[in-house]
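K.L.:
Below is a structure I'd like to ask you about.
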Amino acid sequence: MSSDPSPLSLETVVCARANQVSSRVGDELVVLDLDSSLYFSLDPVGARIFELLDGASIAAVIPLLLWIAGVYDLLRNLRF
């Protein structure tokens, strides 16, 4: 992995790395990096974002990310 990643642009396409595998475990997604043997667990929201981002351009996902941020900002401010 490069320590100096190239900058993202609106045309950048986001995709899963070839050296990783992922699997659903209940509502969560577990991602294993085969090179480092590190694994990551994503909650249901993170799992869905991960799935939607794969193969999408940055420009295509900006509206989705803004919508998600707005929903969570709204939920954070609700009082039950």
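The values are calculated or read from the model by the stated rules, or taken from the named source; none is laboratory data. On a predicted model such as this, the values are computed, not experimentally measured, just so you know. No Cβ is skipped: glycine too gets one built from the backbone with ideal geometry, and neighbour counts run over all protein chains shown.
K.L.:
Taking the stated definitions as given, is TYR39 of a type in the set (Phe, Trp, Tyr), over 16 Å from CYS15 (Cα atoms) and at pLDDT 80 or above?
P.N.:
yes
K.L.:
Does the range 56-67 contain any residue that is exposed (fewer than 14 other Cβ atoms within 10 Å of the Cβ) and over 17 Å from the mean Cα position of the chain (by Cα)?
P.N.:
no
K.L.:
Enumerate the strands (runs of 3 or more DSSP E) found wholly within the chain, keeping only those where 1 or more residues are in contact with a helix residue (DSSP H, G or I) (Cβ under 9 Å, 6 or more places away or on another chain) and touching a residue at least 24 places away in the same chain (Cβ under 8 Å).
P.N.:
Of the strands (runs of 3 or more DSSP E) lying wholly inside the chain, those with at least 1 residues that are in contact with a helix residue (DSSP H, G or I) (Cβ under 9 Å, 6 or more places away or on another chain) and touching a residue at least 24 places away in the same chain (Cβ under 8 Å) span 20-25.
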